[in-house]
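Report on the structure given below.
The values are calculated or read from the model by the stated rules, or taken from the named source; none is laboratory data. Just so it is clear, the model here is predicted, and its values are computed rather than measured. Cβ placement follows ideal geometry from the backbone for every residue including glycine, while neighbour counts extend to all protein chains displayed.
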């Protein structure tokens with residue numbers, strides 16, 4: 001078998017590849033480019049292409065035509081089973097006759113479909129943003145057509161959440177099995193659930209689409225303490241919106257993040273996310289989550305048990321949820337118990353069951 005992935009630079013999608021590597025340590029991992037760290041973490045099994053040596057560094061991620069060219073010409077002769085882990089071009093590999101291709105889909109390609117408008121507003125190229133907008137606007141139609149055709153190539157599709165399964169049906173017209181991604185929560189094992197908790201927590205990568213502005217505005221208006229961890233291009237704007245009860249922590253060590261989760265009354269998760277690993281980490285600390293009622297949150301937020309929802313992506317809707325939130329109604333032990341379904345062991349078991357079912361059908 002072989003594993004194919006868009007690129008290996010860091011993030012939740014890479015954790016899926018790492019889990020697949022643990023399951024199938026002898027399988028090569030084909031990807032368009034990878035950092036030295038990920039090549040080492042995956043025990044030298046990474047196979048890259050010409051984009052690994054592309055001279056313009058991080059711009060490699062923003063040139064889909066080159067990745068399309070590489071993945072569609074990737075020779076996978078001799079493999080019986082190919083697992084692609086993809087939210088972009090890797091699902092478009094051509095497989096040999098008789099081979100089975102299973103695609104673990106992190107999302108239909110964001111910049112063509114559900115987040116096209118967000119990418120147009122914030123391309124992420126700095127002074128070259130106008131040029132990036134023009135390029136995406138001119139090319140999005142042929143790229144969407146290619147992406148749709150590429151999504152028809154896998155024999156089976158797996159979605160990382162119920163939300164993404166619905167997106168796959170909407171944009172690709174295909175059904176997908178839902179298997180949530182693995183979340184390593186072992187660093188939260190030593191959390192003191194009986195420690196005093198106060199205030200609210202939000203954060204992560206501070207970019208506009210994460211909608212941390214909702215938490216900052218709502219807590220400022222209500223005079224509630226909010227601690228925001230992480231950094232990113234949206235931080236200056238958020239600091240201008242913040243009142244005296246909001247504290248920006250910047251980038252934190254893993255240990256410091258654990259302590260922040262463990263000392264918060266609740267974690268505010270205001271975005272529509274494909275899954276939301278950071279929310280699972282909050283639950284691992286026994287901390288309830290106040291989430292926007294959409295996206296991956298629907299798979300793990302049980303109102304009154306693991307958190308509460310707010311229904312509109314507005315400061316006013318979040319304010320209503322904050323006013324009604326009562327931390328005493330939640331059991332830290334019950335919250336941590338709920339995340340067992342998202343452990344690496346649970347992921348590996350469900351993936352193996354799915355593959356065995358597929359192979360049985362082939363026989």
Considering residues that are in contact with a helix residue (DSSP H, G or I) (Cβ under 9 Å, 6 or more places away or on another chain) and part of a strand (DSSP E or B), the number found within segment 73-117 is 11
Could you please give the count of residues in segment 251-277 that are within 27 Å of residue 166 (Cα to Cα), modelled with pLDDT under 95 and not in a loop (DSSP other than H, G, I, E, B)?
1
Number of the condition not met by residue 284 [criteria: (1) surrounded by 23 or more Cβ atoms within 10 Å (Cβ to Cβ); (2) under 23 Å from residue 207 (Cβ atoms)]:
(2)
Which listed residue, of 275, 354, is surrounded by 15 or more Cβ atoms within 10 Å (Cβ to Cβ), within 24 Å of the chain's Cα centre (by Cα) and in the same structural domain as residue 109 (by TED's automatic domain parsing)
354
Among the residues of segment 320-345, which ones are more than 21 Å from residue 177 (Cβ to Cβ), within 26 Å of the chain's Cα centre (by Cα), without any contact (Cβ under 8 Å) to a residue 40 or more places away in the chain and surrounded by fewer than 16 Cβ atoms within 10 Å (Cβ to Cβ)?
334, 337
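Condition check ((1) free of Cβ contacts under 8 Å to residues at least 40 places away in the same chain; (2) under 13 Å from residue 200 (Cβ atoms); (3) assigned by TED's automatic domain parsing to the domain that holds residue 158) across all residues:
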| site | (1), (2), (3) |
| --- | --- |
| 218 | no, yes, no |
| 224 | no, yes, no |
| 229 | yes, yes, no |
| 235 | yes, no, no |
| 244 | yes, no, no |
| 250 | yes, no, no |
| 256 | yes, no, no |
| 270 | no, yes, no |
Selected residue [under 18 Å from residue 204 (Cβ atoms), in contact with a strand residue (DSSP E or B) (Cβ under 6 Å, 6 or more places away or on another chain), crowded, with 18+ Cβ neighbours inside 10 Å and touching a residue at least 40 places away in the same chain (Cβ under 8 Å)] from 296, 307
307
Every residue in segment 119-130 that is at pLDDT below 75 and assigned to a helix (DSSP H, G or I), please.
119, 120, 126, 127, 128, 129
Given the conditions (1) over 20 Å from the mean Cα position of the chain (by Cα); (2) free of Cβ contacts under 8 Å to residues at least 40 places away in the same chain, and given that residue 301 satisfies all but one, which numbered condition is not satisfied?
(1)
Answer with yes or no whether residue 348 is assigned to a helix (DSSP H, G or I), outside the structural domain of residue 224 (by TED's automatic domain parsing) and either surrounded by 14 or more Cβ atoms within 10 Å (Cβ to Cβ) or out of contact with any helix residue (DSSP H, G or I) (no Cβ under 9 Å at 6 or more places or on another chain) (or both).
yes
